[in-house]
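**Q** This is the structure I have questions about; it appears just below.
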Amino acid sequence: MQPSPQATCTVCSREFVRRNTMHRVCSPRCAIKTVKRAKSIERAEFKRRKEAAKSTSDWRKEAQAAFNAYIRKRDEDKPCICCGRWSESESRGGTWDCGHYRSTGSAPHLRFTEANAHRQLKQCNRYGAGRAVDYRIGLISRIGLPAVEALEADQTPRKYSASDLRAIRDEYRAKLKAMQ
Ligand SMILES: [Zn+2]
Ligand SMILES: [Zn+2]
C-alpha cells in the first residue's frame with residue numbers, strides 16, 4: 001500500500017506532496033532548517049555535557065580567572081598597588097596581574113573579595129613575594145586602615161559549590177563586559 005502522498009511539513013506545518021516515506025519537509029529551505037536545528041541542539045547538548053563534567057576545581061579556576069580579569073580592568077587607571085609604578089621597565093609597558101593582598105594560597109576564603117585584590121605588576125606579584133609590606137601601604141591609601149584591618153581579621157570560611165562558582169564566574173564576566 002502506498003503512503004498517503006499528502007503530508008504536513010515538520011518545520012513549517014505546510015501541506016505538501018510526499019515523494020516517499022523519508023520525505024518529511026516541504027522544501028529545500030525547510031530541509032536546511034532541520035539540519036540547523038539539529039546542529040544547534042547538538043551544540044547545546046555538547047556544552048551541557050562539558051559543563052556537567054567540570055570539577056569544582058575547574059569551576060574555581062574559571063571563576064578566579066573571571067574575577068581577576070575584572071580586577072585588572074577595574075584598576076586600569078591606577079598604578080601598581082605596591083610600588084606605584086606603571087611599568088616594570090622604562091622600555092616596555094607593564095604586564096599586570098590581579099594581586100591578592102592575602103594570597104589565595106594562605107587565605108583562600110578571600111579569593112573573591114574585591115577589597116583584597118588589586119592590579120599589580122607581574123614582577124611584584126610573582127617575584128617579589130607579593131611585596132606584602134608595600135602592598136599594605138598602598139592598600140591603606142586606597143581603602144583606608146579600618147578596611148585593611150578588617151581584611152586582616154577576616155577568617156570567616158567561605159564554601160563554594162560548583163553552582164556558586166559558576167554564578168561568580170558569570171557575574172564577573174558580566175561586570176567586565178559592562179566596563180568595556
Ligand atoms: Zn516547510
Ligand atoms: Zn609593584
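**Q** Check whether at least one residue in the range 76-88 is within 30 Å of A53 (Cα to Cα), open to solvent by 30 Å² or more (accessible area, probe 1.4 Å) and not polar (S, T, N, Q), and report yes or no.
**A** no
**Q** Checking the structure you have, find out if any residue of the range 25-47 is closer than 30 Å to T104 by Cα, at pLDDT below 95 and open to solvent by 80 Å² or more (accessible area, probe 1.4 Å).
**A** yes
**Q** OK, next. If you take just the strands (runs of 3 or more DSSP E) that sit entirely in the range 1-118, which of them hold at least 3 residues that are closer than 30 Å to Y172 by Cα?
**A** So the answer is 96-100.
**Q** Specify the residue that is nearest to ligand 2 (Cβ to nearest atom); the eligible residues are those in the range 151-169 that are in a helix (DSSP H, G or I) and free of Cβ contacts under 8 Å to residues at least 12 places away in the same chain.
**A** A153
The values are calculated or read from the model by the stated rules, or taken from the named source; none is laboratory data. The model shown is predicted, which means the values in this text are computed figures rather than measured ones. Ideal geometry is used to build each Cβ from the backbone, glycine not excepted, and the neighbour counts take in all protein chains shown. To get the accessible areas, we keep the full protein, side chains included, count just its heavy atoms, and leave off ligands, DNA and RNA. Shrake-Rupley method; radii C 1.70, N 1.55, O 1.52, S 1.80 Å.
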